[in-house]
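Chemist: Below are the structure tokens for one structure; questions will follow.
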Amino acid sequence: MEGAVAASGEDAGVAAHYGNPMTEQRALAAGTALVDLSHRGVVTVTGPDRLSWLDSVSSQSLAGLAPGDSAETLLLGQTGRIEHDIRIVDDGVTTWLLVEGRETESLVQWLDSMRFMLRVEVADRSADFATLGMFGAPLVSAASPNGVPIVWHDPWSAVVNGGFQYATAERHPAAEWTYLEAIVDRSELADAARVPAAGLLALEALRIAAWRPQFGTEVDEKTIPHELDWLRSAVHLTKGCYRGQETVAKVHNLGHPPRRLVMLHLDGSEGVLPASGDEVRLEDKVVGRVTSAARHYELGPIALAVVRRMTDPDAVLTVPVDDVMVAAAQEVIVPLTAGAVAGVPRLPRLR
């Protein structure tokens, strides 16, 4: 599209912005622009056992999804670490799995290895279908090969049934989060050009302001869902057994996550912005890392960061960027007290 400035790295192939990220943010938030996410992966699962099977291997309750329903689920390792984040919509015949591009191949391979004798078929349909992101109502006609438009509505706006929220803010910033993703046939992508476009930078800023975790940025090899408040949208705490459930239950009921997600309000006086992976410091001690950063059209420079649980929530942190020490005020997302909801009393020690 005219004026597009290409994104780099894992986002290569789509636009970072079209010349004015702030204007694009406003249009995107108002529901009048869309974001090209055609570098993302689209996987389908067909067969009569598809929903019960996906329910059994992932963190969310999926067996009862009705045609057109949306959900989010996580694939966890045996120790509860996050291995995949999947956005799901079912059309009554096919379950559509929307994932980040680099995760597509490994997800398909893992699902294929778990089919056993079940009546399911897994296919990578990324070459045939593309993802477009937007807010409010769909701005394009979504593909509907089985009569139901493939539109995923992000459940992040509220705590889903069976989920749990650690954030204690009086009003969660995602209360008006109306984000959705429409799946379109790649042959019809050109038709989407009639709708005003926003780049990835615009979506990133809005996502950070809504405290919305993303697999490719907030997750590392140690991440468990509790650290990112992801029990809010992607975990059902009472649905039954799945891989990693023991860790999920133990940390939630009896323990505390070792790290916690915070939003940082950054000093913008030097005009620099941290990058993913930059250190977060408390005085001379490294207490975490930046996971995402952006300039928001209202809030200014902001970031998400994962820090040690016991980091003083009232302390002003710093983020070294080149030769500049950027001051960062914390906004608590996951509090120090997250977890241990069972309230088991301590037994007195016998002398």
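The values are calculated or read from the model by the stated rules, or taken from the named source; none is laboratory data. None of the values given here were measured: they were computed from a predicted structure. Positions of Cβ are backbone-derived with ideal geometry, glycine not excepted, and every protein chain shown enters the neighbour counts. All accessible areas refer to the heavy atoms of the entire protein, side chains included, with ligands and DNA or RNA removed. Shrake-Rupley method; radii C 1.70, N 1.55, O 1.52, S 1.80 Å.
Chemist: Tell me whether the stretch 336-347 contains one or more residues that are within 27 Å of His17 (Cα to Cα) and surrounded by fewer than 17 Cβ atoms within 10 Å (Cβ to Cβ).
Modeler: no
Chemist: Okay, moving on. Working carefully through the options Leu273, Leu231, Leu261, Leu282, find the one that is touching a strand residue (DSSP E or B) at 6+ places or on another chain (Cβ under 8 Å), buried (at least 19 other Cβ atoms within 10 Å of the Cβ) and not β-branched (Val, Ile, Thr).
Modeler: Leu261
Chemist: Filter the stretch 191-202 for residues that are part of a helix (DSSP H, G or I), closer than 22 Å to Thr178 by Cβ and either open to solvent by less than 10 Å² (accessible area, probe 1.4 Å) or at pLDDT below 95 (or both) and give the result.
Modeler: Within the stretch 191-202, Ala192, Arg194, Ala202 meet the criteria.
Chemist: Further, regarding this structure: Would you call Ala327 of a type in the set (A, V, I, L, M, F, W, C), under 20 Å from Glu218 (Cα atoms) and either open to solvent by 60 Å² or more (accessible area, probe 1.4 Å) or assigned to a strand (DSSP E or B) (or both)?
Modeler: no
Chemist: Please enumerate the residues belonging to the stretch 20-61 that are under 19 Å from Leu180 (Cβ atoms), open to solvent by less than 50 Å² (accessible area, probe 1.4 Å) and part of a loop (DSSP other than H, G, I, E, B).
Modeler: Those that are under 19 Å from Leu180 (Cβ atoms), open to solvent by less than 50 Å² (accessible area, probe 1.4 Å) and part of a loop (DSSP other than H, G, I, E, B): Gly31, Ala33, Leu37, Ser38, His39, Arg40, Gln60.
Chemist: Are any residues in the stretch 315-341 within 28 Å of Val248 (Cα to Cα) and of a type outside the set (S, T, N, Q), and if so, which ones? Full working, then the answer.
Modeler: To start, the set of residues in the stretch 315-341 that are within 28 Å of Val248 (Cα to Cα) comprises 330-341.
Scanning the stretch 315-341 gives Glu331, Val332, Ile333, Val334, Pro335, Leu336, Ala338, Gly339, Ala340, Val341.
Chemist: What's the number of the only condition in (1) among the small types (Gly, Ala, Ser); (2) part of a helix (DSSP H, G or I); (3) open to solvent by 10 Å² or more (accessible area, probe 1.4 Å) that Ala205 fails to meet?
Modeler: (3)
Chemist: Test of understanding: among Gly244, Gly240, which residue is open to solvent by 10 Å² or more (accessible area, probe 1.4 Å), on the phi > 0 side of the Ramachandran plot and small (Gly, Ala, Ser)?
Modeler: None of the others qualify; the one that does is Gly240.
Chemist: Would you be able to say whether some residue in the stretch 135-151 is within 23 Å of Ala6 (Cβ to Cβ) and surrounded by 14 or more Cβ atoms within 10 Å (Cβ to Cβ)?
Modeler: To start, the set of residues in the stretch 135-151 that are within 23 Å of Ala6 (Cβ to Cβ) comprises 139-140.
Now drop any that are not surrounded by 14 or more Cβ atoms within 10 Å (Cβ to Cβ), which leaves 139-140.
Looking through the stretch 135-151, at least one residue is within 23 Å of Ala6 (Cβ to Cβ) and surrounded by 14 or more Cβ atoms within 10 Å (Cβ to Cβ).
Chemist: Looking at this structure, is Ala210 surrounded by fewer than 20 Cβ atoms within 10 Å (Cβ to Cβ), within 21 Å of Pro21 (Cβ to Cβ), among the hydrophobic types (A, V, I, L, M, F, W, C) and at pLDDT below 95?
Modeler: The answer is no for Ala210.
Chemist: Give me the pairs: first residue in the stretch 276-291 and farther than 12 Å from Val262 by Cβ, second residue assigned to a strand (DSSP E or B) and among the charged types (D, E, K, R), beta-carbon distance under 7 Å, and six or more apart or on different chains, which are they?
Modeler: Gly277/Arg289; Asp278/Arg289; Glu279/Arg289; Val286/Glu279
Chemist: Restricting to the stretch 108-159, what's the tally of residues that are without any contact (Cβ under 8 Å) to a residue 24 or more places away in the chain, within 30 Å of Asp229 (Cα to Cα) and over 20 Å from the mean Cα position of the chain (by Cα)?
Modeler: Adding up the residues that qualify gives 3.
Chemist: Counting only residues that are touching a Leu at 6+ places or on another chain (Cβ under 8 Å) and charged (D, E, K, R), which one in the stretch 1-59 is farthest from Ile302 (Cα to Cα)?
Modeler: The residue in question is Asp49.
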